[in-house]
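Notes follow once the structure below has been shown.
The values are calculated or read from the model by the stated rules, or taken from the named source; none is laboratory data. All values derive from a computational prediction rather than experimental measurement. Neighbour counts are summed over all protein chains in view; Cβ atoms, including those assigned to glycine, are modelled from backbone coordinates with ideal geometry.
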Amino acid sequence: MRVVGGIARGTQLLSVPGDTTRPILDRVKTALFDILRPNIAEAKVLDLFAGSGSVGIEALSQGAATSVFLDIEPKAVTTIRKNLSATKLTQQGEVRCTDAFKYVRHTARKFDLIYIAPPQYKGIWADMLTLLSERPEVLSVDGQIIVQIDPKENINLELISLAQNNIRTYGNTTLIFYQHRHKEIM
């Protein structure tokens, strides 16, 4: 696993010890950032269930202003900090060992890009999307939410303020893109 573009391109990233996380494959990350690149400059990123921090770090490497990394697993938090240090992006990253749902329920911050890659087959991604739909102020007006799941997990969700606008599948990884349903609600 490595940084695929930007100022830290080629830097090898550590994986979280054990089998509690599923890192995004470099080819999927490359495809994702090919899609995001026009909107990544100066973006404020929220990397939920961050694992190794690979997606938030990639965003920083490719020009995002800041990235908040959340994971409840202490080993993941330690790994993220080491990866930020290795890429020399520590100043732009904020790492928290906290519950993602608690953070989203209470934050007053607004993000341009929210990445959701929770443990598989537990429906956590759908619960988080539902919460974000109930708190549309967390996502900037032109912001995007991207969910990383196994294709078998995909279900249609009726969300109050979010609409699916793209879906891409790469082998056993599906990326689903959401944006505000109606910008005027903001």
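Using the structure shown, decide if ASN156 is without any contact (Cβ under 8 Å) to a residue 24 or more places away in the chain, in contact with an Asp or Glu (Cβ under 9 Å, 6 or more places away or on another chain) and surrounded by fewer than 19 Cβ atoms within 10 Å (Cβ to Cβ). Break it down into steps so the answer makes sense when it comes.
Details: without any contact (Cβ under 8 Å) to a residue 24 or more places away in the chain: yes; in contact with an Asp or Glu (Cβ under 9 Å, 6 or more places away or on another chain): no; surrounded by fewer than 19 Cβ atoms within 10 Å (Cβ to Cβ): yes.
So ASN156 fails the test.
If you go through the range 116-130 one residue at a time, do you hit one that is at pLDDT below 90, among the small types (Gly, Ala, Ser) and over 16 Å from the mean Cα position of the chain (by Cα)? Walk me through it before giving the result.
From the range 116-130, those at pLDDT below 90 are 118-123; that's our starting set.
This time we only want the ones that are among the small types (Gly, Ala, Ser), so: 123.
Now drop any that are not over 16 Å from the mean Cα position of the chain (by Cα), which leaves 123.
Yes, that holds for at least one residue.
Contact annotation: residue pairs with Cβ atoms under 6 Å, 6 or more positions apart or on different chains, pairing a residue in the range 120-149 that is in contact (Cβ under 8 Å) with a residue 60 or more places away in the chain with a partner that is charged (D, E, K, R), are GLN120/ASP150; SER140/LYS110; SER140/ASP112. Being in contact (Cβ under 8 Å) with a residue 60 or more places away in the chain, closer than 23 Å to PHE101 by Cα and in contact with a strand residue (DSSP E or B) (Cβ under 9 Å, 6 or more places away or on another chain) holds for only one residue in LEU36, LEU46, LEU25, LEU70, and it is LEU46.
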